[in-house]
Each structure stands twice: as structure tokens, then as C-alpha cells.
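Worksheet for the structure shown next.
Each reported figure results from applying straightforward, stated rules to the coordinates on display, with no laboratory input. Predicted, not measured: the structure shown is a model, and the values here were computed from it. Here the Cβ positions follow ideal geometry from the backbone for every residue, glycine too, while neighbour counts run over all protein chains shown.
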Amino acid sequence: MANHLFDGLLQNANLERAFAQLDDGRWYTYSHVMEVSARFANMLVKCGVQPGDRVAAQVPKSIEALMLYLGTVRAGGVFLPLNNAYTASEVEYFLDNAGPRLFVCDPARRPEFEALSDKLGVRLETMGVWKNPETSAGSLLDAGIVAEPEFDTVDRGPDDLAAILYTSGTTGRSKGAMLTHDNLLSNALVLKDLWGFTEDDVLLHALPIFHTHGLFVATNTMMVAGGRMIFLPGFKVDQVIECLPGATAMMGVPTFYTRLLDDDRFTRELTAHMRLFVSGSAPLLAETHIEFEQRTGHRILERYGMTETNMNTSNPYDGERRAGTVGFPLPDVDLRVCNPDTGEELGKGEIGVIEVKGPNVFAGYWQMPEKTREEFRDDGFFISGDLGKVDDDGYVHIVGRAKDLIISGGYNIYPKEIELLLDEQQGVLESAVIGVNHPDFGEGVVGVIVPSNGQVVSEDAILSAISDKIARFKQPKKIYVVDELPRNTMGKVQKNILRDTYTDTFTT
Ligand code: MCA
Ligand code: AMP
């Protein structure tokens, strides 16, 4: 046996060639990738990590953080990346639920996590951003960078777990999506071929690396192609514009593209040499697609995926990329549209819930067999919770969501989680959380609150009370206080009415 994912990802790597160009001027070759991932794998073993153990990481974006992912896979571990914006109480849930052997955090946040890691019996190490050999960048990074550069990569098969990524749920509790070696590798291989990536490509990487898009779609696909990345710490328009001339391709969420279009320096000349712009994680407005083409001459290639499934569909590389659609199912993905209640398959053009099956689809939710069963049909199709249709030409359209979900700047926010928190606040009887049009983030979070009898609640007091409870990007950007919520005859809150009422919150 071998290590299915690690060997597969690096099968086309030429050790002499560059893997990443960093914003601090450093260049990483594929030989560095082999060496540094081995050093981290050695460190992980020293920390007690054994095959199957989870390694949780909430660390700033860096090439070393990516090497920690690869080192974990080489050591036979299961990588569990966490959004940097998560607060200590959110992190507590993930650590408690996943039971990792090791938690690697930002050195600046170590004091927040010491008591927690003691309580949960999780070893705590730190990893910051490397500056120079004299400056400490955290315990794991300092030691990892000088550990042995060779490692006997642990055997792992296609069905072994490589990663767990948490996704929130409509019940408010996050669920750990278990992704196998083959879920990740098969998707990377398909995308490389479909999007024509080769070792001559240079991907401008400005996405975070704690989610599927930046961690797997972008970096795994580049690795299997043997290509190179311009690896930026995050998305800043100035830096992206400065780096575009050196890139051949870019992947982003719609907010990246609307921000670029808002800048006059983003021109046809600047992008003339580019081969491909990919968008996903949130709906790309047809207007943005059209404006992008008018400005640059390029048609953005939109694709559709989920944490649980990696990528499911893509517009064609060579054929027509249709605005407002997410293209065709990937070659190894079966996709159908069904009646959400009965599960009966619907015909062309009919709207229902999108269901998928294929090597990309996850192995279930970590220690939640019931939840897993609920989201699969008996014949193995995963129920996405997205509403869509397939048109006469076979293009898939996403027309809405059966799940109550807000997507803001490419981050998923489940209203239930915010509502539970708002309801706990002093003076609050009940609440509803909705997403409405936001010029920058696509959707912006709005909270609507009904005070308890005789109580006075203010927007400021509520926002300050929840400020350290949930990640900043999930916090309502506006709160309205009302006497009652609109309900239907069944007593269910009519969120569509709230969305209509507050639709102009961020656009006027
Ligand atoms: C930052 N803020 C946000 C968001 N990001 N608020 C709502 N939604 C957001 N997405 C808030 C911060 O809390 C802060 O608030 C203020 O905006 C400025 O923060 P900053 O960090 O400076 O923002 P930014 O750097 O401009 O970030 C915006 C961003 C970023 C670049 C669009 O959110 C981003 O990189 N998004 C990509 C998400 C992504 O990779 N999704 C893929 C998921 P305040 O000022 O009030 O403190 S994977 C997935 O969905 C599936 C599998 C798929 O198909 O890909
Ligand atoms: P996540 O749980 O972060 O993996 O987000 C997955 C969800 O993002 C999907 O279920 C869709 O609702 C949404 N999504 C991803 N890509 C697209 C897209 N191109 N268009 C519309 N929605 C998308």
C-alpha cells in the first residue's frame, strides 16, 4: 500500500520546479514541499499523533500551515482546519466533538486555549507566520522547521479519512464532514483535467485555507498538476492587482470579482494574459458575469460544490460558460433533481432538491450516524439542500435553498445558530435571522428581535453581548427590534416577509 492522497497529489511533481511564490519574497519548490511536510510529519509523531488521530489547526494562513496539512496526511492523521474568526467558545465545541490528539493555534491566542486544552486533554502547540530564523513563529513551527527532513509516509488507503471539515447545520449544531483520501484526490484529478491545469500554470491564491475552496479545490488541483501558486495571505485588491501579471489563473468567491470590478485598475490589459477565472462558494450574479466579460473579455467559469461533496458541477472550459448556471455535473458525479418531500426524481426544467452521488461525496458526519442517514437516500445519493433544476441543454441552475442558510462573502452562516444565541440574551423573547442583499458580501446578516414583555432592548446592547460568542462574520450587521414576527397559520415564522421588509437594509 501507499498513501493514496499524498502520493496521488504529488505524482506529477517535479522536485526542481517552484510550488509557491510567497509575499515575503521566498520561493517554495516541490522539493521543499517534500522536505517540510516530512519535518512536520516527524513533529506530529513526536507529539503523539498516530494514524487516524485528528490534528486540529486554527492558524494564520501561511505556506507552513499548508505543509502542516500535508504532514498530517503523511503521518496518517486527519486534518481539521478551523476558521481563524472562530471564538474560543466555538473552538471548544469543535475540539470537544472531534477529540483531536493535537490542537495547533496562533501563538497570540495560546492564553485563550491553555485551560481548554488541559480540560479536554488535547495537546496544544502553536504556529504563526515565519519571518526569519531568529524570530519565534510558535512552538510547532520553530521545532518543525528543523525536524528530520525525511519521513516514512504512513500507508493509507482510498477510504481512510484525510480531513474533517465542520459545516454548520440547520439545527444550529456544527457537523464534521468526514472526507476520505479518495474524496479529495479524485476531485483534484477531475478538476485538473477539466480546467486544463498543467505545470505551466500559476494560480493566484488569495482564499483562506481552512475551507474546501482554498485548501482543496485550489491547492490540491495545483499539486496534481505540478503547477505553481502565488500564495497570498488573503484577498486585498491592491496586492491581487499587483500580482495578476504573474498569474495564469485565479479562483475566488463572487466578492473577489465584484471588488476587482469596482477598481479602475482592473482592466482588459491587466488580464489579457490570463487563462482562467473560476468562481464558486456562493452564487455569482449574472450581472457580475456579464460586467466581467465586458470589462476583461473573459467569461468567469462558475462551478458548484459543498464541504460534504467537494465539487459537483462546473461550467465547461471549452464550451459555453453560461451566466447564472453552475454548468454540468463533473464526469464522475451523478446528479439528479428530486421532490424534496417524496424523493421522486423530477424531469428536465422542474425545480427540486439537488442530489449527488460519486467518489467526491463524503463518508458521513463525524460521530453522527443519525444525521448522516437523514441526509442520504437509500440508494446512496446525498441530499444537498440546494434547490435547482437541469435545463434542456443539461446546465444545472441553483435557484434557491431548501436549507435555511445565508452565504456572506463565501462563508456559510446558519440562521439557527445565531437565533439560539440571540434568544439567550437578556430581554429577548424571540428572534429571526435573515440574509438580505449586500453590495459587497452578496448577502448580509440581519437580526430581527422581539423583546420580552415590558423589556427594552437595544441593537448596541445585543451586539456587544454577543461580540465574543460567535465569529464576527456571523454577527448581524443590523438588528431590528419589532413587536412581533410574521407567522403563517402553522405558526412558522415567515422569513420571506422579513426578507422583503428589510431588503434595502444595506443597499440604500
Ligand atoms: C469579513 N467580514 C465579513 C466577511 N469577511 N462579514 C461577512 N461576511 C464575510 N465573508 C467582516 C469582518 O468580520 C470585519 O468586520 C470586516 O468584514 C473586515 O474584515 P476583513 O477580514 O478585513 O475582511 P476581508 O479581508 O475584506 O474579507 C472579505 C473576504 C473574505 C475577502 C470576502 O470573507 C473571504 O476571503 N471570503 C472567502 C470565503 C471562502 O473561502 N469560502 C469558501 C468556503 P468588522 O469590521 O465589523 O469587524 S468552501 C465552500 O463554500 C464550498 C465547498 C465551495 O463551493 O467552495
Ligand atoms: P459549504 O457548506 O461552505 O460547503 O457551502 C456549500 C453551499 O454553498 C452549497 O450548498 C451552495 O448552497 C453554495 N454554493 C457553492 N457554490 C455555489 C455556486 N456556484 N452557486 C450557488 N451556490 C453555491
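Overview of results
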| read-out | value |
| --- | --- |
| Dipole magnitude (debye, nearest 20) for the stretch 43-127, charges at Cβ of Lys, Arg, Asp, Glu | 300 debye |
| Leading residue at positive end of dipole, the chain (Cβ point charges), from Phe441, Ala41, Leu215 | Ala41 |
| Separation between Cα centres of the stretch 307-367 and the stretch 53-106, rounded to whole Å | 29 Å |
| Among the listed pairs Lys357/Lys389; Lys389/Lys474; Lys469/Lys492, those beyond 21 Å (Cα-Cα) | Lys389/Lys474; Lys469/Lys492 |
| Bridge type composition, the chain - antiparallel percent by DSSP, nearest 5 | 60 percent |
| Calculated [θ] (222 nm, deg cm²/dmol) that DSSP helices of n ≥ 4 give over the chain, each run adding -39,500 (n - 2.57) | -8000 deg cm²/dmol |
| Cα Rg, Dmax, the chain, angstrom units | 22.7, 71 |
| Cα lying deepest toward the dipole's positive end in the chain, options Asn310, Val493, Pro51, charges on Cβ | Pro51 |
| Per-residue HN-Hα couplings for the stretch 25-31 [Karplus 6.51, -1.76, 1.60; θ = phi - 60°; Hz; x = Gly/Pro] | x, 6, 10, 10, 9, 5, 5 |
| Cross-link table Lys192/Lys403; Lys175/Lys403; Lys131/Lys477; Lys236/Lys477, entries beyond 26 Å C-alpha to C-alpha | Lys192/Lys403; Lys131/Lys477 |
| Given charges at beta-carbon only (K, R positive; D, E negative), |dipole| of the chain in Debye | 380 debye |
| Size of electric dipole in the stretch 251-317: Cβ of Lys, Arg +1 and of Asp, Glu -1, about Cα centre, debye, nearest 20 | 220 debye |
| Per-residue ³J(HN,Hα) for the stretch 183-188, Karplus 6.51 cos²θ - 1.76 cosθ + 1.60, θ = phi - 60°, Hz, x for Gly and Pro | 3, 6, 5, 4, 5, 4 |
| For the stretch 141-265, with +1 on Lys and Arg beta carbons and -1 on Asp and Glu, the positive-most of Pro158, Val190, Gly176 along the dipole | Gly176 |
| In the stretch 68-158, the trypsin sites (Lys or Arg not before Pro) that fall in loop regions by DSSP, at most 13 other Cβ within 10 Å | Lys131 |
| Qualifying GluC sites (Glu not before Pro) in the stretch 64-143, DSSP loop, other Cβ atoms within 10 Å at most 13 | Glu134 |
| Nonlocal amide H pairs with Gly52, under 5 Å, H built at 1.01 Å | Gly77, Val78 |
| Sparse-neighbourhood loop sites, chymotrypsin sites (Phe, Trp or Tyr not before Pro) in the stretch 247-282 - DSSP loop, at most 10 other Cβ within 10 angstrom | none |
